[in-house]
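A short write-up of the structure that comes next.
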Amino acid sequence: MEFTNDSVGVFSKTGVKLQEMALEQFFSPLNPTFTLDPRVLYDQYSGRFIAVALDGSGAPNSWLFLAVSETFDPTGRWFFWKIDADMDGTQQTDQWADFPDLGVDQDAVYLTANMFPTTGNDFYVKVWVVPKAQLLTGQQTITWTEFSKIRNDPQGNFVFTFVPLTLLGRRLGNTSSPFGILFPLPTPLYKFGG
């Protein structure tokens, strides 16, 4: 699979194009207005494809679009959700999401975005940890744990653009995961630096 700012393509292992559509057509169940910065990966644990993209042009209309294929076949049905990126918990902010990224392990999907202010200079990173089981069954309403306003590492250095890892193989114990997010689910804790 390949996602660009313009289109979504599905290819066979030999490179034959099996399907192509506009990015906004792919995310059409979510009523897109301005979709950009897509990412896609194959989840070895579930045998599904997972995709994320942004939608909207600023707060209060900044969204993360999330999609998971129903099976291993990306030309088939997908499940779709949108997460209000400019909400920190239940509080509306003037922040809008940019440069999303995506990672996965056996338990969760990890979404990240750089958060930019509509006015001012309050930049930060945001992380969403979405338990995977609910995604794989296509639950209509999903839950997640959110880590917001991440600005500095333990030494006080400004941080920006978290890139979640995709863990290959099984995690050892309950403390080795992307971003130093401590398990077990459903209540992960964030600790910078692992």
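The alpha-carbon positions of the range 12-108 define a convex hull whose volume is 109 Å³ per residue. Each residue of the range 61-73 is assigned a 3J(HN,Hα), and the resulting list reads 10, 10, 10, 9, 9, 10, 9, 9, 5, 5, 9, 6, 8 Hz, derived from the Karplus form 6.51 cos²θ - 1.76 cosθ + 1.60 (θ = phi - 60°), x at Gly and Pro. Close amide H pairs (under 5 Å, H built 1.01 Å from N) link Y124 with M115, residues at least 5 positions away or on another chain. Students often forget the sequence filter, so: which aspartates and glutamates lie under 13 Å Cα-Cα from K82 once same-chain residues fewer than 8 apart are removed? Partners within reach: D55. The range 112-161 and the range 1-70 have their alpha-carbon centroids 19 Å apart. The residues neighbouring S69, those whose beta-carbon lies less than 10 Å from its own, together hold a net charge of -1 under the Lys/Arg +1, Asp/Glu -1 convention. In order along the range 12-19, the phi-based Karplus estimate (6.51 cos²θ - 1.76 cosθ + 1.60, θ = phi - 60°) of 3J(HN,Hα) comes to 6, 5, 9, x, 6, 6, 9, 7 Hz; Gly and Pro are listed as x. Less than 5 angstrom separates the built amide H of A108 from those of K132, all sequence-distant by 5 or more or on a different chain.
Here the convex hull built on the C-alpha positions of the chain has a volume of 120 cubic angstrom per residue. In order along the range 111-116, the Karplus-derived 3J(HN,Hα) couplings, from 6.51 cos²θ - 1.76 cosθ + 1.60 at θ = phi - 60°, round to 10, 9, 7, 7, 10, 10 Hz, and Gly and Pro are given as x.
Check the straight Cα-Cα distances from K17 and name the aspartates and glutamates below 18 Å, setting aside those fewer than 8 residues away within the same chain. Cα-Cα hits under 18 Å: E2, D6, D73.
With 0.36 nm allotted per residue and the present C-alpha distance subtracted, the N5-Y42 stretch has 11.4 nm of extension available. Taking 0.36 nm per residue of separation and subtracting the current Cα-Cα distance, fully stretching the chain between F80 and L18 would add 20.2 nm. Near R48, the amide H atoms lying under 5 Å from its own belong to D43; only residues 5 or more places off or on other chains count, and H is placed 1.01 Å from N.
Values in this text are rule-based calculations from the coordinates and carry no lab data. Just so it is clear, the structure is predicted and the values come from calculations on it, not from any experiment. Backbone-built Cβ (ideal geometry, glycine too); neighbour counts: all protein chains shown.
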